[in-house]
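Since every read-out is calculated from the coordinates, none of them should be taken as a lab result. Bear in mind the structure is a predicted one, so any value in this text is a computation, not a measurement. Reconstructed Cβ throughout: ideal geometry from the backbone, glycine too, with neighbour counts over all protein chains shown.
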Amino acid sequence: MPFRGKLFFLIIGFLFLCGCKEKEEPTYTIGFSQCTGNDVWRQDMLRGMQRELAFHPNTRLLYLDAKGNSQTQISQIKELIQAKPDLLIVSPNEAEPITPIVEEVYQKGIPVVVVDRKTASSFYTAYVGGNNYEVGKTAGQYIGVALQGRGRVLEISGLPKSSPTVERHRGFSEAISKYLGITLVKTFPGDWEKNIAKTRLQKNIAGLPTVDLVFAHNDQMALGAYEVFKEKGLVANTKFVGIDGLAGPLGGIQMVNDGILNATMLYPTGGEEAIRTAMQILQNKPFNKENILSTAVIDSSNARMIKMQTDKILTQQEDIERQQKRNEEQIALYQNQQILLYSLSGLLVCSVVLGAWALYSSVERKKINKKLKTKNRQIIEQRNKIQEMAEEAQAATESKFRFFTNISHEFRTPLTLILGPIEGLLHGKADHLMVKQNLKLIQKNAQRLLWLVNQLLDFRKLEGGKIRVTATENDLISFIREIMLPFEQLAKKHHIEFKLVTNLSNLSVWFDTNMMDKVFFNLLSNAFKFTKDYGRIQIVVEKDLSLNCVNIKVKDSGIGMSEPEAARAFEMFYQGQHAANKGTGLGLPLSKEFVLLHHGNINLISEPNKGTTFTVQLQLGNNHFTEEEKTTSQVITGEHQLSKNLLEDASPVWETPTNITPQKHHVLVIEDHPDLRNFLKFTLQTNYQVSAASEGEQGLAEAYENIPDLIICDLTLPDTDGLKIVASLKTDLRTSHIPVIILTARTGLEQQVEGMQVGADLYLTKPFSPQVLKESVRSLLTNRQLVKERFSAGEVLHLPPTEGVTISKLDKKFLEDFKRIIDAKLPDPDLSVEFLGREIGLSRVQLYRKVKALIGCNVNDYIQTVRLNKSCTLLRQPQASIADVAFQVGFSSATYFSTAFKSKFGVSPTDYKNQHLRTEPV
């Protein structure tokens with residue numbers, strides 16, 4: 001072939017190879033003006049943008065940091081405009097100053113994406129950011145639940161007057177305002193910086209009251225508050241909640257996982273979303289102008305799972321970046337080879353070699369792109385797995401419900417075997433008081449268990465669709481009067497006005513009597529539970545001819561419900577905020593389901609402190625029932641009698657014997673459950689003088705007033721936490737010496753350690769043996785007696801410790817101060833109990849009781865003993881006269897001193913002095 005032909009084919013081959021290049025994406029330039037890059041959150045925003053840009057290798061990001069200065073940011077935006085970017089992303093430092101320059105850019109035709117904070121006008125292309133108000137509100141709602149509606153909260157805000165600070169504070173304030181027991185003790189700015197927040201908190205913490213929870217507007221300020229509280233030893237009783245929820249070793253997710261923060265509110269940086277929105281705009285694809293990012297609560301229940309996912313995503317992103325770097329290296333190499341290929345196009349041999357190399361580079365690039373796509377699919381699959389894990393968690397919860405219901409079936413046989421024999425024993429001869437009262441208590445609690453099991457079974461049947469209506473025609477008025485009968489005694493006992501209001505003498509209605517008995521029993525039980533003495537409960541029956549139905553209203557004048565509580569009253573397992581009256585959370589949901597099965601309706605109207613009205617609406621006639629749902633013979637299950645028994649047994653079953661001998665030691669029982677309280681009194685009253693309190697504050701007042709020898713306190717009380725009661729007793733000088741036994745159903749080691757940390761002397765878990773309780777009380781009182789014997793000598797502060805004899809630091813300091821004051825004022829004959837009380841800070845009675853409890857003798861006897869012991873030392877000195885010694889130890893006369901000395905030691909001061917002078921070496 002001629003050379004020209006060869007050259008022609010080589011040139012054609014070269015052009016063919018050049019023309020086979022894969023079509024590249026257009027090249028874009030995006031300018032990014034960041035208000036400040038110093039904080040962790042905004043650094044994460046930049047990393048998010050860079051991660052998303054890894055999927056767009058032909059897009060270049062021009063980044064400028066304004067260092068928190070609005071004028072600097074305006075100048076930098078102008079500098080970015082001169083670079084002629086295809087799109088501008090702006091994260092404003094302040095809305096008002098930045099608005100004019102953003103409008104100017106927008107009007108020039110350059111798309112503008114505003115991130116995190118909006119400008120003061122709508123002249124921008126798109127906005128990407130979170131809703132700071134919703135973040136603050138979510139934090140407030142979480143804190144309300146975490147504190148159970150009670151506690152003191154310290155708020156650390158961001159930069160004053162900045163829009164995130166204002167919106168987060170507004171949302172948080174509105175949320176916690178619904179919890180009347182939560183107090184916002186102080187709000188001070190931390191300016192978004194950990195060190196600033198930490199420094200200001202260190203200056204202010206001394207003047208703050210006890211804080212239950214610290215809420216900071218970002219996780220870094222929350223970390224600073226945690227470090228301050230840790231330095232002060234206040235971390236154990238304080239919760240910490242932040243905002244951001246960033247991933248990585250220094251992020252909020254890691255802090256929650258490490259137990260530094262109790263929770264953090266996810267506030268997405270929006271970096272990835274900003275780049276995605278920018279690319280949609282540049283590629284002329286549909287996009288949303290307003291892109292509001294959602295928030296979520298990250299706490300101990302989900303922090304570990306989210307951390308695992310974010311760590312996996314970050315690891316995969318690092319792999320992507322490494323692959324991207326290699327891709328860029330390959331592309332750079334390819335481009336260099338292309339330049340070389342074009343520059344040596346005249347050399348056919350070189351062009352063939354370079355063309356082959358270019359082909360090879362193209363293949364390698366496709367392989368790298370394929371790997372990147374595979375990594376991208378893996379990330380998407382990983383995100384999908386999070387959703388699958390959530391669904392699996394839901395399935396696990398349903399499995400727990402099934403297990404709970406299945407095991408409740410197993411309760412029925414032993415309950416029957418308990419109730420049957422007890423019924424026979426109660427109707428037989430049971431003369432022994434303890435036997436009969438124990439049997440009554442067992443019967444009452446067995447019936448309570450059976451009632452709970454029946455509720456669980458009804459719930460399971462409803463879930464499985466295995467319960468159906470068996471409706472018969474009944475007189476509704478007579479039916480309601482029959483249901484009211486068991487409650488009338490309860491109403492009379494609590495002086496509650498209880499009546500049926502209707503102008504109907506009878507009314508024929510089709511319904512299932514067993515179901516409706518449960519419905520109205522639940523409604524009346526709730527009404528009596530939440531209505532105070534001298535209140536009012538009415539059942540109003542009204543016939544509505546226009547709707548062909550009857551309305552039955554159960555109205556009370558009780559404590560009522562808040563709007564959120566009323567909205568969730570019919571949710572399964574939901575319990576309101578009144579800790580003293582919480583139930584299973586099944587009664588109202590089951591009642592609603594039973595009414596719906598009757599093709600009726602139930603609703604409520606409630607107002608706090610004014611009462612609640614439940615309205616049950618049932619249709620008249622029987623056309624709304626199917627033939628299978630109607631019957632002429634009613635099946636009676638006996639559950640009406642069970643519910644009636646529960647009401648009749650509402651009064652305490654214990655009776656106090658009249659032949660109890662007065663006892664030396666006084667035991668105080670703080671327990672809200674009436675049966676358990678009376679059981680404890682009955683168990684201990686043969687050996688001790690027992691008093692009882694049903695609430696924590698009442699128990700504290702009783703302890704301060706009467707100074708018992710021992711206190712038994714339940715951990716869960718209606719008005720406060722039992723641990724707080726123990727802490728108050730052990731930190732008060734009046735009661736710090738009293739042994740305290742904690743009773744609780746919490747069996748975990750952490751709870752036991754927590755009880756011991758606040759100063760409890762013993763931790764008993766329920767159920768407990770009465771014999772163990774009595775032996776524990778005896779042992780603690782015996783140890784306390786050993787303490788008295790050791791301290792009664794007057795010099796015991798210098799004695800070595802003895803096994804079984806313990807004394808708190810507060811009591812040891814009290815005795816040291818007590819002895820120091822006496823030693824200092826010993827020569828003063830006017831040294832008195834009143835003077836000692838003023839010096840120590842106790843009244844005469846409180847000082848007398850405190851010293852009697854610790855030393856075993858009264859104050860005057862102790863002073864007399866110290867004076868006489870000191871006089872023995874002085875009498876051994878040859879030059880000391882009897883009169884001088886008497887005045888030196890505080891006796892007003894030598895005669896009185898001689899009488900007291902001889903009464904104490906059996907010899908006169910003169911004889912004692914002579915005896916010791918004869919025995920002294922010359």
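Sort the stretch 24-166 into rounded, prolate or oblate with this rule: let a ≥ b ≥ c be the square roots of the eigenvalues of the Cα gyration tensor; rounded if a/c is under 1.5, and if a/c is not under 1.5, prolate when a/b is larger than b/c, oblate otherwise.
It comes out prolate by the Cα gyration axes.
For the pair residue 71 and residue 596, label points projected 7 Å from Cα toward Cβ lie 6.5 nm apart. Estimated translational diffusion coefficient (Stokes-Einstein, Kirkwood radius over Cα pairs, 37 °C, 0.692 mPa s) of the stretch 261-372: 178 µm² per second. With Cα atoms defining each centre, the stretch 877-919 and the stretch 107-158 are spaced 84 Å apart in the structure.
Sorting the segments 712-720, 268-276, 284-292 by their residues' average number of neighbouring beta-carbon atoms within 10 angstrom, most packed first, yields 268-276, 712-720, 284-292.
Could you compute the FRET efficiency for residue 727 and residue 771, with r as their C-beta to C-beta distance and R0 at 45 Å, rounded to 0.05? My answer for the efficiency is 0.95. For the stretch 666-791, what is the percent of antiparallel DSSP beta bridges, rounded to the nearest 5? Given both bridge residues lie in the stretch 666-791, the antiparallel proportion sits at roughly 5 percent. At full extension, residue 538 and residue 843 could sit 104.6 nm farther apart than now, given 0.36 nm per residue minus the alpha carbon distance. Multiplying the residue separation of residue 250 and residue 716 by 0.36 nm and subtracting their alpha-carbon distance yields 164.0 nm.
Quick check: the distance between the Cα centres of the stretch 509-542 and the stretch 237-252, to the nearest angstrom? Cα centroid of the stretch 509-542 versus Cα centroid of the stretch 237-252: 48 Å apart.
Cut-off is 10 Å between beta-carbons; in what order do 169, 217, 624 appear when sorted fewest neighbours first?
Starting with the residue having the fewest Cβ neighbours, the order is 624, 169, 217.
Note on residue 809 and residue 704: with the Förster distance fixed at 30 Å, the Cβ-Cβ geometry gives a FRET efficiency of about 0.90.
State whether the stretch 97-153 is rounded, prolate or oblate according to the following rule on the C-alpha gyration tensor (a ≥ b ≥ c being the square roots of its eigenvalues): a/c under 1.5 gives rounded; otherwise a/b larger than b/c gives prolate, and the remaining case gives oblate. Cα axes put the stretch 97-153 in the prolate bin.
Between the stretch 476-505 and the stretch 661-719, what's the alpha-carbon centroid distance in Å? Spelled out, the Cα-based centre of one part sits 36 Å from the other. Gain on full extension, evaluated as 0.36 nm per residue between residue 826 and residue 393 minus their Cα-Cα distance, stands at 148.6 nm.
Working from the Cα coordinates of the stretch 808-919, the gyration tensor eigenvalues give, after taking √(5λ), semi-axes of 29, 13, 12 Å in decreasing order.
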